[in-house]
Amino acid sequence: MSGLKRSTSGPGERLAALRGTTPQSPHDARAIAALAANPGCARRALLDGAGIDKDAAARHLGFPAPFGQSPFAITRGNAFESLVKADGCAELLRMLREVLGLPIAEVAYHDVENVGAHLRHAHTRALIDRAAAGAPGAGTLYDHPLLSLEIAGSTAYLEPDVVAFQLGGRFHIVEIKSFAVIDGQADPSAVAAAARQAAVYVLALRALLEELGHDPLKVSHDVVLVCPENFANRPVATLVDVRRQLAVLRRQLTRMTALDRLLDDLPEDLTFDLAPGEDGLPTRPPAELADALRRTDARYAPDCLSACDLCFFCRDEARQEGASDLLGRQVRDELGGVASVEEALGLADGTRHPAEGQEEIARLLRNAERLRKECLA
Ligand code: SF4
């Protein structure tokens, strides 16, 4: 990024200017969770901080993302959730007894969804407050609690299809997912995504406890993941430690609330405005929007393909630049400072002289190239 003019406006005004006339896109748990998937990407931090609808932007750019569940998957997910929660969560309670090893004699179940939407947040607060204080009859299972989290100065409301379970004033988030666990193994990327999402709820519930004057660590970092086992629909529960996801999320959220530094590096006239017309569809020339996005630093990695709406756009950009990012986060980190595949190959075969600071990686690449040739010979 060159020829930048430093902005004299505050961060709030700058974010509003980045959004332009496009309505602010609300954050949901999936979007917040995805932040943890690529914490080093300035482009994503800026777009999310400004509340840009990345899905709409990607579609307008001609790079629609492959997200969204099929109607079949949604129906299957809903049926599985109903099974787990049937009869006042009887099946869930059985699993909680097993997985947490707790003597749960009886359960008081509150479905917060039955309360009018506008009252749900207040009702959730009151229930959680009483439970954390150990008030008699405060309940054990809370279905559909309405939680909130501060994201870049605005409040995101999270409506999890989740249950918060408390016993003796200690809370666990229960996440119900319909991907199968087969022979004790589940798709690692699905488990990672579920863990990131559950971490958002842990963070939101901890924030609520803190706000109410209780110890936030009463919310356990072990979340209970409930999935169908093998090819039957029988639910099985597993404890998942989300401490790492919590640390990444916290770091990314702090970074979003401190976007000033990233905004400082942007040209003053930069905007991601989609300029929606009367029908709500973007009217801004796609090439112009693409140019605006290219003025922000992206950190593409193959993992973006499962976590960010802009993945195909950023992958195309990385391909055109021949970026080493395409090789995955681990390779990129090991190549630290070598931005393109061409540069890495040049250093490896000695046709390129290492720049200052690249001597060590150049030596390693030359060794790797020598070993490769020996193996091939
Ligand atoms: S897809 Fe692009 S904007 Fe999204 S996280 Fe990856 S590099 Fe950043």
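The values are calculated or read from the model by the stated rules, or taken from the named source; none is laboratory data. Here the structure is a predicted model, which is why all the values come from computation and not from measurement. No Cβ is skipped: glycine too gets one built from the backbone with ideal geometry, and neighbour counts run over all protein chains shown. All accessible areas refer to the heavy atoms of the entire protein, side chains included, with ligands and DNA or RNA removed. Shrake-Rupley method; radii C 1.70, N 1.55, O 1.52, S 1.80 Å.
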Worksheet item: Working from the pairwise distances between different alpha carbons, so that the mean of 1/r is found and then inverted, what is region 335-375's Kirkwood radius in Å?
Response: 10.0 Å
Worksheet item: Mind checking which aspartates and glutamates have their C-alpha under 17 Å from K373, skipping anything on the same chain fewer than 8 residues away?
Response: D349
Worksheet, complete the sentence: Reduced to Cα centres, the span from region 308-377 to region 19-70 in Å works out to 28 Å
Worksheet entry | Apportionment of accessible area to carbon and sulfur, the chain, percent (1.4 Å) | 53 percent
Discussion item. Straight-line reach from K85: which aspartates and glutamates fall under 15 Å, measuring Cα to Cα and dropping same-chain residues less than 8 apart?
Written reply: D111, E113, D143, D161, E175
Worksheet, complete the sentence: Filtered hits (aspartates and glutamates, Cα-Cα < 14 Å from K218, offset >= 8 within chain) -> D129, E210
Item to complete: Report the accessible area of K373, computed with a 1.4 Å probe over the heavy atoms of all protein chains in place, in Å² rounded to the nearest 10.
Response: 120 Å²
Discussion item. As a test question: what accessible area, to the nearest 10 Å², does F63 have when a 1.4 Å probe is rolled over all protein chains in place?
Written reply: 50 Å²
Worksheet item: Based on Cα positions only, what radius of gyration and what Dmax would you give for the chain, in angstroms?
Response: 23.8, 76
Item to complete: Pick out which of S148, S220, S189 has the largest mean-square fluctuation in a Gaussian network model of the chain, springs linking Cα atoms closer than 10 Å.
Response: S189
Practice prompt. Kindly list the residues of region 287-325 that lie in the label zone of E342, defined by a backbone N under 11 Å from the point 7 Å along the Cα-to-C-beta vector.
Written response: 320-323
Response to the item:
Mean projected area (nm²) from the convex hull of Cα positions in region 71-249 is 10.7 nm²
Worksheet item: Just how much of T351 is accessible, in Å², when a 1.4 Å probe is used and the result is rounded to the nearest 10?
Response: 110 Å²
